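Nothing in this text is a laboratory measurement; each read-out follows from the coordinates by a stated rule. On a predicted model such as this, the values are computed, not experimentally measured, just so you know. Here the Cβ is made from the backbone with ideal geometry for all residues, glycine too, and neighbour counts use every protein chain on show.
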Amino acid sequence: MKRKLIFGIAMSIIGSALFCGLTALVNAGDSLFNNQDLSISRFKVEAELLTNGDMNVVETIDADSVGQHMFARDIVYSKNNNGHDTNTSQLDFNSFSVSVYQNNIALYENVTTSFGNGNKYSDIIGFSWEHQYDELGERITCPSEYGKSCATALIYLKNGTSPKTTYVFSYTIKNAMTIYNDYAEINWDFVPNMGVNIDNIDVEIKLPQNNFDAEKDIYFYGHGVSDASVNIDLNNTQKIAVSVDRLRGQEEVEIRLFFPSNVVQKGLNQSNYINENGYDYLINEEQKILDTEQSFYNRRIALIISSLIIFGLTIALLIFKIVYIYQNYDKEHKSDFDAKYYRELPASYPPAEMGYLYRFKEVTMDDMNATLMDLIRRKYIKIDYSGTVLTENKPNYKMIYDRDKDTSSLKSYEKFLLSWYFDSISGGKDTLTLNEIDNYLKSESNAIEYQKKNNEWILLVTKESEKNDFFDNVGKKANSGYFFVGLGFLDFFLLLFGVIAFSITWFSLLAFVILSLSISYVIYVRQVKRRSKQGNEDFVRWRAFKNFLEDFSHFEDYPVPGVEVWEHYLVYATSFGIADLVEKQLRTRFNELHREQEFNDCPILFYSYHSYFRMRIYSNFSLSKNTIQVANAKRMASSSHVGGRGGFGGGSSFGGGGGGVRGR
């Protein structure tokens, strides 16, 4: 029982760890599941805002890859139109160029036109707007999730991209800015979430020539990343610089920046010009985002606080309940006996009932074999080994049932065992050989009947054993506290929600703890059993008796009784599963006492008989199972041959830009 309990709790812990760990990894969007052989050690963006509203962009990407040959940059060039349908942006394909470097050596510089179309035996630089093909012979396109306003630049190096390759992409986004009468805005996702690890991110935005006051004129808002440094230098470089050490999980670098529009061109013929003041609109939009973020933050804090309170309360209550149940319903009664050895039979009930007590309500094949051996010892069954040699490979012992012997004193399961063997298996005969049992079990129907009879026998042993009041009735009392378990599962789902909805990855550890403890509690209380006061007194003596049987040969002062006593002891040793050890010690001890003949004249003690007989009875269980399995396998094999055709049944400002990178 204890082994089953430990195994069940261990499986609940392992299952909880796998489930919670997988949830955290999937939610984090870790590169373990996407582009696992590609990472980016540097991502630098240099963006220059032009007076006509366009934006020149130069991206420098240091890509670390393992065993890859292809690298693609998917660029989304649409923007948030701020409620005006004509306010759109486009990629100037004529401005696009690619440079590739390995170990600071230029492989290609400022490539503006595709080459190596679809030829895997040469390098390829291809652009989706030129309808070129990659090394697999497939059309170069953007992934569908980026929408129609997306372009792809693909580089294939036949000699491989590893270990480090630098890619420089230069392009212009026309009308990237939105221009109002009072302010001009750039709202762009400069470093999108790309599904890979990205370190050392630098974004530089150069403004048009100006004399702005950084405190009064510049409105800067960053989104998508929680830890970034911002430096606004209007005196020397006219640049705004953003640095991030690493993008984690679903993070990205999205920037909304607006400044007085007197430094850019404004004209009614410009699609990105909105003939109205934009300050109130832009401020209100950011306030909405701020309110949303604050609401998100408030909900996140509320979830953390409530989850931790429930977590702490549930853990404390479950631990208290487990300790309480153990102390009151699971902990064994204190016994008056504490010696290591007990030299006599502690009680008179048969070995199967002893096994039921000893193994906490479990009945095994050892108990059935011991019962059969006890019936032989008590002369209900005689063994005829005439015509066989005890040392031959497969002696065919014959069992003879003495039907004239009074069976009124036998237990129900003992009577059942006699009827099972000498009415069912032997067909009503008084004799039954070991070979006849083997032949009987070669039939599937007989094998099924054998398994059925065995289950019936176990039920009868259980029923008789329960009359001894070996165990306290603590199951219903211990099987409580499910309110605490419900509280635990509620907290588990709150924690899981925090991982998924708020990216609180450390919640997965708490979820693992609360789920493991809740499941373990259920497993534990459903297996709580305790021996009664008398049952435990018997148990500790049976345990000491087993110790004696295992070690009696070391007792020099022990007067070895006659074989009749040891026949009885050996029956219980069979139920303990130590009969061979006891027989070996006993044979040695009798030889030392020069009582070999006394030992050899008792067939139940003689090794070849005793050990082999038990082995053959054990094999009956395996033989019956094997017969059933073989028959089922034959049916499955024949049913698989069928005709016909066959087959199997069965917080963002929503700015422009974005995209990602891919490698293979």
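Below are the figures for this structure:
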{"item": "Computed Kirkwood radius, in angstrom, where 1/r is averaged over Cα pairs of the chain", "result": "33.3 Å"}
{"item": "Inter-site label distance for residue 332 and residue 630 at 7 Å from Cα along Cβ, in nm", "result": "4.4 nm"}
{"item": "Antiparallel content of DSSP bridges confined to the chain, in %, to 5", "result": "90 percent"}
{"item": "Extension gain from residue 497 to residue 81, taking 0.36 nm per residue of separation minus the Cα-Cα distance", "result": "146.4 nm"}
{"item": "Cut-off 18 Å, label 7 Å out along Cα→Cβ of residue 477, residues of segment 309-353 by amide N", "result": "321-335"}
{"item": "Set 334/477; 452/584; 331/463; 415/634; 533/625; 361/634 screened for pairs whose C-alpha atoms are more than 28 Å apart", "result": "452/584; 415/634; 533/625; 361/634"}
{"item": "Estimated [θ] at 222 nm from DSSP helical runs (n ≥ 4, -39500 (n - 2.57)) normalised by residues in the chain, nearest 500", "result": "-13500 deg cm²/dmol"}
{"item": "Charge tally in the Cβ shell below 13 Å around residue 272, where Lys, Arg are +1 and Asp, Glu are -1, residue 272 excluded", "result": "0"}
{"item": "Extension gain from residue 104 to residue 591, taking 0.36 nm per residue of separation minus the Cα-Cα distance", "result": "166.5 nm"}
{"item": "Per-residue Cβ neighbour rank within 10 angstrom, fewest leading, 115, 259, 590", "result": "115, 590, 259"}
{"item": "Shape of segment 34-264, Cα gyration tensor, a/c cut at 1.5", "result": "prolate"}
{"item": "Proximal charge balance of residue 528 [Cβ under 11 Å; K/R count +1, D/E count -1]", "result": "+4"}
{"item": "Loop-resident sites, segment 396-503, for trypsin sites (Lys or Arg not before Pro), counting at most 16 other Cβ within 10 Å (DSSP)", "result": "403, 405, 429, 442, 467"}
{"item": "Pairwise label distance in nanometres, residue 302 with residue 555, each label 7 Å out on the Cα-Cβ vector", "result": "7.3 nm"}
{"item": "Over segment 115-167, relative contact order from alpha-carbon pairs under 8 Å, at least 6 apart, %", "result": "34 percent"}
{"item": "Burial ordering of 189, 202, fewest other beta-carbon atoms within 10 Å first", "result": "202, 189"}
{"item": "Relative contact order %, segment 34-264, counting alpha carbon pairs below 8 Å whose residues are six or more apart", "result": "26 percent"}
{"item": "In Hz, Karplus ³J(HN,Hα) per residue of segment 64-81 (6.51, -1.76, 1.60; θ = phi - 60°; x = Gly, Pro)", "result": "9, 9, 10, x, 10, 10, 10, 9, 10, 10, 9, 10, 8, 10, 7, 9, 6, 7"}
{"item": "In sequence order, calculated HN-Hα J values of segment 97-109 (Karplus, 6.51, -1.76, 1.60; Hz; x Gly/Pro)", "result": "9, 10, 10, 10, 10, 10, 6, 6, 9, 6, 8, 8, 9"}
{"item": "Where GluC sites (Glu not before Pro) fall in DSSP loop in segment 508-573, at most 15 other Cβ within 10 Å", "result": "556"}
{"item": "FRET efficiency for residue 316 and residue 534, using Cβ-Cβ distance with R0 set to 35 Å, rounded to 0.05", "result": "0.45"}
{"item": "Total charge dipole magnitude, segment 34-264, about the Cα centre, Cβ charges on Lys, Arg, Asp, Glu only, Debye to nearest 20", "result": "380 debye"}
{"item": "For 70, 373, 177, order by how many other beta-carbon atoms lie within 10 Å, fewest first", "result": "70, 373, 177"}
{"item": "Length-normalised contact order of segment 411-530 in % [C-alpha pairs under 8 Å, at least 6 apart]", "result": "24 percent"}
{"item": "Number of Lys pairs (Cα under 30 Å; 8 or more positions apart or on different chains) in segment 54-168", "result": "5"}
{"item": "Coil-residue GluC sites (Glu not before Pro) of segment 398-452, DSSP, other Cβ within 10 Å capped at 16", "result": "none"}
{"item": "Total charge dipole magnitude, the chain, about the Cα centre, Cβ charges on Lys, Arg, Asp, Glu only, Debye to nearest 20", "result": "2920 debye"}
{"item": "Computed E for residue 295/residue 227 - FRET, C-beta separation, R0 30 angstrom, nearest 0.05", "result": "0.90"}
{"item": "Inter-probe distance in nm under a simple model that places probes 7 Å from Cα toward Cβ, at residue 115 and residue 459", "result": "8.5 nm"}
